[in-house]
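Here is the structure we will look at.
The values are calculated or read from the model by the stated rules, or taken from the named source; none is laboratory data. Model, not experiment: these values are computed from the prediction. Here the Cβ positions follow ideal geometry from the backbone for every residue, glycine too, while neighbour counts run over all protein chains shown.
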Amino acid sequence: MNKSQIEPSEEILLLISQFKLPITKDELLTIRNLIYSKIKIKQYNDISKKHEKSIRWKRTGVEILNDGYIYEGKSCTDLVVLFLTFCNALNLETKFVKLKKENMVHSVAEINLNDGWYIFDVSKPNNLPIKGQITEANPYKEWKLWAKGKDAWDLGLTEFESIKKIKE
C-alpha cells in the first residue's frame, strides 16, 4: 500500500504541466475544473451504497483519476485527495482538512499560495477558494475542525469504519 494518497503519476504530471508557478487563486479553479472534466459522477443509491463504502477513503488520487468516477454526495474526500494530488505535482504546500457537524463529516483542502493560505471546498463545481485557514476559532461555515494532515490516511482514515474515530 502507498504511504500517501497524494503522490502524482506521470499522467498527472503531464496534465498539470500547463500550469506555471506561482499558482494563483484563479488557477486553483482551473485545476478543480480539470478534475471535474476527467471524472464521472455516479449516482449514489441503494445499489451503489455497498460499493461506495468498500472504496471510501481507500483510493489514492491516481486511483481515483484512473477509475474515472466518484459517487454523488459521497465524494468530498475523493475530490480533495485528487485535488491535493494535482497540487502536490506542482509542489504546493497543502493540507487535507476533515470537518464534522452533528453526525456528518466533510473534507476540504487548504492550499498555501504566494499571498497566503486558502480554504477550498472542491466538492461542488461552483465553490470558490476562500482566503484563510480553518481552526477551532475559525470554523468553515457551520463545520467544525476535526483534524488536518497530509491526506485522509495521515489522519488514520483508511476505510469506511474509520468514520467512528470522527464521530466519537
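Applying the condition of being polar (S, T, N, Q) and without any contact (Cβ under 8 Å) to a residue 24 or more places away in the chain to segment 112-126 and asking which residue is surrounded by the fewest Cβ atoms within 10 Å (Cβ to Cβ) yields ASN126. Taking first residues from segment 1-22 that are under 18 Å from GLY149 (Cα atoms) and partners that are modelled with pLDDT under 95 and part of a loop (DSSP other than H, G, I, E, B), no Cβ contact under 7 Å between residues at least 6 apart in sequence or on separate chains turns up.
Quick grid of which residues meet (1) at pLDDT 90 or above; (2) in a loop (DSSP other than H, G, I, E, B); (3) within 20 Å of ASP78 (Cβ to Cβ):
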position	(1), (2), (3)
ILE119	yes, no, yes
ASN127	yes, yes, yes
THR135	yes, yes, no
TRP146	yes, no, yes
ASP151	yes, yes, yes
LEU157	yes, yes, yes
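One residue stands out among those in segment 23-70 that are free of Cβ contacts under 8 Å to residues at least 40 places away in the same chain and aromatic (Phe, Trp, Tyr): the one that is farthest from ILE163 (Cα to Cα), which is TYR69.
Can you find a residue in segment 99-111 that is in contact (Cβ under 8 Å) with a residue 40 or more places away in the chain, within 19 Å of PHE19 (Cα to Cα), touching a strand residue (DSSP E or B) at 6+ places or on another chain (Cβ under 7 Å) and assigned to a strand (DSSP E or B)? Checked segment 99-111: at least one residue is in contact (Cβ under 8 Å) with a residue 40 or more places away in the chain, within 19 Å of PHE19 (Cα to Cα), touching a strand residue (DSSP E or B) at 6+ places or on another chain (Cβ under 7 Å) and assigned to a strand (DSSP E or B). In segment 85-98, of all residues being polar (S, T, N, Q) and not in a strand (DSSP E or B), the one that is farthest from the chain's Cα centre (by Cα) corresponds to ASN91.
So that you can scan it fast, the table gives a plain yes or no per residue for (1) modelled with pLDDT of 95 or more; (2) part of a strand (DSSP E or B); (3) buried (at least 17 other Cβ atoms within 10 Å of the Cβ); (4) touching a Gly at 6+ places or on another chain (Cβ under 6 Å):
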residue	(1), (2), (3), (4)
LYS3	no, no, no, no
ILE12	yes, no, yes, no
ASP26	yes, no, no, no
ILE31	yes, no, yes, no
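Can we say SER123 is over 22 Å from LEU21 (Cα atoms) and within 14 Å of the chain's Cα centre (by Cα)? Taking the combined requirement at face value, the residue satisfies it. Assess whether ASP78 counts as being assigned to a loop (DSSP other than H, G, I, E, B), closer than 24 Å to LYS40 by Cβ and touching a helix residue (DSSP H, G or I) at 6+ places or on another chain (Cβ under 9 Å). So ASP78 fails the test.
If you go through segment 1-28 and pick out every residue that is under 18 Å from ASN66 (Cα atoms) and charged (D, E, K, R), you end up with 3.
For segment 127-146, the tally of residues that are surrounded by 17 or more Cβ atoms within 10 Å (Cβ to Cβ) and either in contact with a His (Cβ under 9 Å, 6 or more places away or on another chain) or under 19 Å from MET104 (Cβ atoms) (or both) stands at 5.
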